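The structure appears right after this line, and notes come after that.
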Amino acid sequence: MSRTDFSSEDCSVARGLSEVGDIWSFLILREVMLGVRRFSDLQRNLNIAKNVLTDRLNTLVKHEILEKIDQGQHGPRFEYELTEKGRDLFPVMIAVRQWADKWVEPEKRNILILKDKNFEKPLASIKVHDAEGNELDLDGITAELPGRETSSKPV
């Protein structure tokens, strides 16, 4: 089953998801953000087929979200690290995690509690803020796309 290519869409959400919207890619990124770097460790942690993992890693490297680095001293031994582009997905990962912790059957599993290193307290919920720091919800925004009519509901 081939995926539809949204990379040329006007919509930033569609273009962004065309690079990282695959569930395996997002789970790989979760593991790398938690410190897992090697192919074999990713495969074991995710219980993913080698060919699927290889394909997703190659795609994430191609889109410059991950970097493949040779760490071998006696032959090639590769690890994967987040690029700056990949590190910028951190708030997205936290937002998805927090949304799922709240809405996707939280009573049926243990929830990983992420804490900041400085204060050892759980992370605050991700929120959207205006230019002055006030919290916004969907009703508080509008969208403009030059040359195209848009509604006050951009999503």
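The values are calculated or read from the model by the stated rules, or taken from the named source; none is laboratory data. The structure displayed is predicted, hence computed values, not measured ones. Ideal geometry is used to build each Cβ from the backbone, glycine not excepted, and the neighbour counts take in all protein chains shown.
A few comments on the model shown:
- Total residues in the range 1-36, condition part of a loop (DSSP other than H, G, I, E, B) and β-branched (Val, Ile, Thr): 2
- Across the range 16-41, the number of residues qualifying as more than 28 Å from ASP116 (Cα to Cα) and either surrounded by fewer than 14 Cβ atoms within 10 Å (Cβ to Cβ) or in the same structural domain as ALA143 (by TED's automatic domain parsing) (or both) comes to 1.
- Of the residues making up the range 62-108, those that are under 15 Å from SER25 (Cα atoms), of a type outside the set (D, E, K, R) and under 14 Å from the mean Cα position of the chain (by Cα) are HIS63, ILE65, LEU66, LEU82, THR83, GLY86, LEU89, PHE90, VAL92, MET93, VAL96.
- Identity of the residue in the range 42-61, β-branched (Val, Ile, Thr) and closer than 13 Å to LEU29 by Cα, that ends up surrounded by the most Cβ atoms within 10 Å (Cβ to Cβ): THR59
- The residues of the range 72-93 that are assigned to a loop (DSSP other than H, G, I, E, B) and exposed (fewer than 11 other Cβ atoms within 10 Å of the Cβ), listed by number, are GLY72, GLN73, HIS74, GLY75, PRO76.
- Considering VAL96, VAL52, the condition of being in contact (Cβ under 8 Å) with a residue 12 or more places away in the chain, more than 30 Å from VAL128 (Cα to Cα) and part of a helix (DSSP H, G or I) is satisfied by VAL52 alone.
- Qualifying residue in the range 110-122 (condition: basic (Lys, Arg), more than 30 Å from SER40 (Cα to Cα) and under 24 Å from the mean Cα position of the chain (by Cα)): yes
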